[in-house]
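Trainee: What follows is a structure written as structure tokens; I'll ask about it next.
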Amino acid sequence: MRFLRTFWRFLISVQLLPALEGGEETLVGGQAVLEGVMMRSPHAWAIACRKPSGEVSTHSEALERPSEKHKWMAWPVVRGVITLGHAMTLGFRALRFSANVALEELQPEPTPNKKKLEISGWLAAVNIVISVGFFIFMYKFLPLLAATELKKVDPVFGGQIMFNLVDGIVRIALFLLFIWGVSLLRDIHRVYEYHGAEHKTVFAFENGDPLETASVQKYSTFHPRCGTSFLMTVMLISILVYTVIPVHTFWSRFGIRIALLPVIAGLSYEIIRFAAKHRGSLFALMTAPGLWLQRITTQPPTDDQAQCAITALEHAMELEKQRGGDLVIA
């Protein structure tokens, strides 16, 4: 039963992955995982997870910045797509690591005739397939279907602007319902608490405060570079982009929504990046709904949870210094 519970937590957390991760490749960022936090610097990443026994399990690795290997990956818009893909890949690895840490104490001493209990490669692959299918069905197919059916009820909803506005509103409503609904689950609520711990720790680091529990806990859980803000920006930008594409059949609209995902993600990344540096700009207002939404996706952490985030960041920065990284705080 505990294995199924851990796999279920892992599955839901993967659906939330874009909302739980934040930051960019030139800055410190992180992500909440199961009973822990992953932190990354430009050239390293580390994870700290608390076992049921109370012991903290850590892991760290060097990290390559794609834009340092290929200059074109640093181009505006393109860098957003590359950074997001890189972050999602790393985030999935971190979630899988945290799930396996949770499973360790279910079988602390595997025998030669019994395999170690863990999220295997094929289970992880199944999870990815389910997650991608869920995303396309929930946030692309259902909103489009709802807008199409509403157009049949009243022609006023058939106009290009009104149709895509309805489609966008339904998409946002489904997203809000999902993240609120899973927040009622105690296990996911704890993930949101670790998400808060990650934000507080990043704030403390960015302001030059010592990485101590008391210093970290005084900061807000709301951070402008959060994945929640990114997702909300993606949904708002998508309404505008879909409105200017002159397609009218159901399947052509569905295809466009899939095909333009990288473009919209890249544009949203640039807006979030600009808004984080220019808090008083018009673009900052566009990211405001994402900050409001963090009232759900981030929760005040306990001192133990904050300590996990601190430990992860300390390990990442230690490896960053070993690699001669020159961190830029912006």
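Trainee: I'd like the full set of residues that are in a helix (DSSP H, G or I) and either touching a Cys at 6+ places or on another chain (Cβ under 8 Å) or within 12 Å of residue 45 (Cβ to Cβ) (or both), limited to the stretch 298-317.
Mentor: 308, 312, 313, 315, 316, 317
Trainee: Scan the stretch 282-291 and tell me whether some residue there is farther than 20 Å from residue 230 by Cβ, over 18 Å from the mean Cα position of the chain (by Cα) and modelled with pLDDT under 90.
Mentor: Among the residues of the stretch 282-291, not one is farther than 20 Å from residue 230 by Cβ, over 18 Å from the mean Cα position of the chain (by Cα) and modelled with pLDDT under 90, which makes the answer no.
Trainee: Only one residue in 48, 32 is crowded, with 24+ Cβ neighbours inside 10 Å, out of contact with any Cys (no Cβ under 9 Å at 6 or more places or on another chain), of a type outside the set (S, T, N, Q) and modelled with pLDDT of 90 or more, so which one is that? Even if it seems obvious, please write down each step before you answer.
Mentor: Values: 48 fails: out of contact with any Cys (no Cβ under 9 Å at 6 or more places or on another chain).
Among 48, 32, only 32 is crowded, with 24+ Cβ neighbours inside 10 Å, out of contact with any Cys (no Cβ under 9 Å at 6 or more places or on another chain), of a type outside the set (S, T, N, Q) and modelled with pLDDT of 90 or more.
Trainee: I need the full set of residues from the stretch 75-95 which are out of contact with any strand residue (DSSP E or B) (no Cβ under 9 Å at 6 or more places or on another chain) and closer than 24 Å to residue 8 by Cβ, in order please.
Mentor: Across the stretch 75-95, the qualifying residues are 89, 92.
Trainee: Can you confirm whether residue 118 is at pLDDT below 90 and acidic (Asp, Glu)?
Mentor: yes
Trainee: A further question on this structure: Could you list, ordered by first residue, the pairs with Cβ atoms under 7 Å in which the first is in the stretch 296-314 and farther than 17 Å from residue 226 by Cα and the second is aromatic (Phe, Trp, Tyr) and part of a helix (DSSP H, G or I), at least 6 apart or interchain?
Mentor: Pairs that qualify, where the first residue is farther than 17 Å from residue 226 by Cα and the partner is aromatic (Phe, Trp, Tyr) and part of a helix (DSSP H, G or I), are 305/194; 308/194.
Trainee: Within the stretch 142-175, count every residue that is in a helix (DSSP H, G or I) and loosely packed, with under 14 Cβ neighbours inside 10 Å. Show your work before the answer.
Mentor: First, pick out the residues of the stretch 142-175 that are in a helix (DSSP H, G or I): 142-153, 155-158, 160-175.
Narrowing the set further to residues that are loosely packed, with under 14 Cβ neighbours inside 10 Å leaves 149, 152-153, 155-156, 161, 173.
Number of matching residues: 7.
Trainee: Name the residues in the stretch 55-82 that are surrounded by fewer than 21 Cβ atoms within 10 Å (Cβ to Cβ) and free of Cβ contacts under 8 Å to residues at least 24 places away in the same chain, would you?
Mentor: Once the filter is applied, which keeps residues that are surrounded by fewer than 21 Cβ atoms within 10 Å (Cβ to Cβ) and free of Cβ contacts under 8 Å to residues at least 24 places away in the same chain, the stretch 55-82 yields 55, 64, 68, 69, 70, 71, 72, 73, 74, 75.
Trainee: Here's something else I'd like to know. Taking the stretch 64-110, which residues are among the small types (Gly, Ala, Ser) and at pLDDT below 85? Explain how you work it out, then say what you get.
Mentor: At the first step, the residues of the stretch 64-110 found to be among the small types (Gly, Ala, Ser) are 67, 74, 80, 85, 87, 91, 94, 98-99, 102.
67, 74, 80, 85, 87, 102 - these are the residues of the stretch 64-110 that are among the small types (Gly, Ala, Ser) and at pLDDT below 85.
Trainee: Go through (1) within 17 Å of the chain's Cα centre (by Cα); (2) of a type in the set (A, V, I, L, M, F, W, C); (3) farther than 24 Å from residue 161 by Cα; (4) surrounded by 23 or more Cβ atoms within 10 Å (Cβ to Cβ) and name the single condition residue 230 misses.
Mentor: All conditions are met except number (3).
Trainee: A further question on this structure: Name the single residue that is nearest to residue 306 (Cα to Cα) among those in the stretch 199-222 being of a type in the set (D, E, K, R) and not in a helix (DSSP H, G or I). Break it down into steps so the answer makes sense when it comes.
Mentor: Initially, the stretch 199-222 is screened for residues of a type in the set (D, E, K, R), giving 200, 206, 209, 212, 218.
Narrowing the set further to residues that are not in a helix (DSSP H, G or I) leaves 209, 212, 218.
Numbers: 209: 14, 212: 9, 218: 11 Å.
Per the stated criteria, the residue is 212.
Trainee: Taking residue 236, is it over 21 Å from the mean Cα position of the chain (by Cα), of a type outside the set (Ser, Thr, Tyr) and at pLDDT below 95?
Mentor: On the way: over 21 Å from the mean Cα position of the chain (by Cα): no; of a type outside the set (Ser, Thr, Tyr): yes; at pLDDT below 95: yes.
So residue 236 does not fit the description; no.
Trainee: Could you tell me whether any residue of the stretch 182-198 is surrounded by fewer than 18 Cβ atoms within 10 Å (Cβ to Cβ), hydroxyl-bearing (Ser, Thr, Tyr) and within 30 Å of residue 315 (Cα to Cα)?
Mentor: Yes - at least one qualifying residue is present in the stretch 182-198.
Trainee: Give the residue that is farthest from residue 228 (Cα to Cα), with candidates limited to residues of the stretch 193-209 that are charged (D, E, K, R) and out of contact with any Ser or Thr (no Cβ under 8 Å at 6 or more places or on another chain).
Mentor: Among residues in the stretch 193-209 that are charged (D, E, K, R) and out of contact with any Ser or Thr (no Cβ under 8 Å at 6 or more places or on another chain), the one farthest from residue 228 (Cα to Cα) is 206.
Trainee: Restricting the first residue to the stretch 244-273 and requiring it to be modelled with pLDDT under 90, which pairs with a second residue that is part of a loop (DSSP other than H, G, I, E, B) meet a Cβ separation below 6 Å and a spacing of at least six or different chains?
Mentor: Once the first residue is modelled with pLDDT under 90 and sits in the stretch 244-273, its partners that are part of a loop (DSSP other than H, G, I, E, B) give 266/77; 270/76.
Trainee: Has the stretch 200-218 got any residue that is under 17 Å from residue 15 (Cα atoms), touching a residue at least 40 places away in the same chain (Cβ under 8 Å) and in contact with a helix residue (DSSP H, G or I) (Cβ under 7 Å, 6 or more places away or on another chain)?
Mentor: no
Trainee: For the stretch 146-185, which residues satisfy the criterion of being more than 19 Å from the chain's Cα centre (by Cα) and touching a residue at least 40 places away in the same chain (Cβ under 8 Å)?
Mentor: Matches in the stretch 146-185: 148, 160, 161, 164, 165, 167, 168.
Trainee: In the stretch 218-227, which residues are farther than 28 Å from residue 172 by Cα and surrounded by fewer than 18 Cβ atoms within 10 Å (Cβ to Cβ)?
Mentor: The one that is farther than 28 Å from residue 172 by Cα and surrounded by fewer than 18 Cβ atoms within 10 Å (Cβ to Cβ): 218.
The values are calculated or read from the model by the stated rules, or taken from the named source; none is laboratory data. Keep in mind that this is a model prediction, so the values were computed, not measured. Cβ coordinates were reconstructed from backbone atoms using ideal geometry, including for glycine residues, and neighbour counts include every protein chain displayed.
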